[in-house]
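This report concerns only the one structure given below.
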Amino acid sequence: MKPYTQIGVVIRDAGSAIVTVNHSRNEDCVVTGIETLPYNPEALAERVADLDESASKDSQFVIDGDSLGNALWKILGPDPVKDKQRFRLYAERGLVRQALVDSLVVAMARDGLHFKSRIPAQAVMNKALLSYKRTVREDGEVGTELVVALCLAVLPRVRPIRYTAFLA
């Protein structure tokens, strides 16, 4: 798979977070950006729009649909046909959110999660990583918005299904 960038975006009552991760050919994940923002859906939508303009064409934004993520998704208003490669709503709830944690645990176990040097919010991320839940329960709770944004950014990219018609 060719290298790509994935951007995890989370908003909750406590605040919001954006984490940018570059995925390499050998499945390494390099965190290149960590942003913590206050709770403000309009400001977060503006920040995502700014990142959309400046991010490379292969970048994909993964918005957490949990908590206030659906509201953010509606504010952003991505076109499902035009933007399906660019924007993705992670709508899983409950126990199924274990996949978020699993992607992070696998990256760490393979020694494939790295951080670019001198990221301003690195200390905050380190603290958040100390307290996330490695086993998700029925409530779907993983950890702080920062950890969830990292998990979304580390998730393997989902390729859209291309439909092929078979004629008999």
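A few comments on the model shown:
- Unmet criterion (only one of (1) under 19 Å from residue 5 (Cα atoms); (2) among the acidic types (Asp, Glu); (3) in contact with a Leu (Cβ under 9 Å, 6 or more places away or on another chain); (4) surrounded by fewer than 19 Cβ atoms within 10 Å (Cβ to Cβ)) for residue 64: (4)
- Meets criteria (at pLDDT below 95, open to solvent by 20 Å² or more (accessible area, probe 1.4 Å) and on the phi > 0 side of the Ramachandran plot) for residue 77: yes
- Top-ranked residue in segment 125-140 [being within 24 Å of residue 48 (Cβ to Cβ) and touching a residue at least 40 places away in the same chain (Cβ under 8 Å); ranked as surrounded by the most Cβ atoms within 10 Å (Cβ to Cβ)]: 125
- Take the conditions (1) more than 16 Å from the chain's Cα centre (by Cα); (2) under 24 Å from residue 113 (Cα atoms); residue 75 misses just one of them, which is (2).
- Pick from segment 112-124, criterion without any contact (Cβ under 8 Å) to a residue 60 or more places away in the chain and open to solvent by 80 Å² or more (accessible area, probe 1.4 Å), ranking: nearest to residue 36 (Cα to Cα): 118
- Within segment 100-111, not a single residue is polar (S, T, N, Q), touching a residue at least 60 places away in the same chain (Cβ under 8 Å) and surrounded by 13 or more Cβ atoms within 10 Å (Cβ to Cβ).
- Residues satisfying the stated conditions in segment 12-27, i.e. farther than 21 Å from residue 105 by Cβ and either among the hydroxyl-bearing types (Ser, Thr, Tyr) or modelled with pLDDT of 95 or more (or both): 16, 18
- When 12, 25 are screened for being open to solvent by 20 Å² or more (accessible area, probe 1.4 Å), over 20 Å from residue 83 (Cβ atoms) and under 16 Å from the mean Cα position of the chain (by Cα), only 12 passes.
- Condition met for residue 30 (within 29 Å of residue 111 (Cα to Cα), modelled with pLDDT of 95 or more and open to solvent by less than 20 Å² (accessible area, probe 1.4 Å)): no
- Taking every residue in segment 1-30 that is touching a residue at least 12 places away in the same chain (Cβ under 8 Å) and outside any strand (DSSP E or B) and pairing it with any residue that is hydrophobic (A, V, I, L, M, F, W, C) and open to solvent by 60 Å² or more (accessible area, probe 1.4 Å), at least 6 positions away or on another chain, the pairs with Cβ-Cβ distances below 7 Å are 25/1.
The values are calculated or read from the model by the stated rules, or taken from the named source; none is laboratory data. This structure is a prediction, so every number in the text was calculated from the model and none was measured. Positions of Cβ are generated from backbone atoms using ideal geometry, with glycine treated the same way; all protein chains shown enter the neighbour counts. The accessibility values were calculated without ligands, DNA or RNA, using every heavy atom of the protein model including side chains. Shrake-Rupley method; radii C 1.70, N 1.55, O 1.52, S 1.80 Å.
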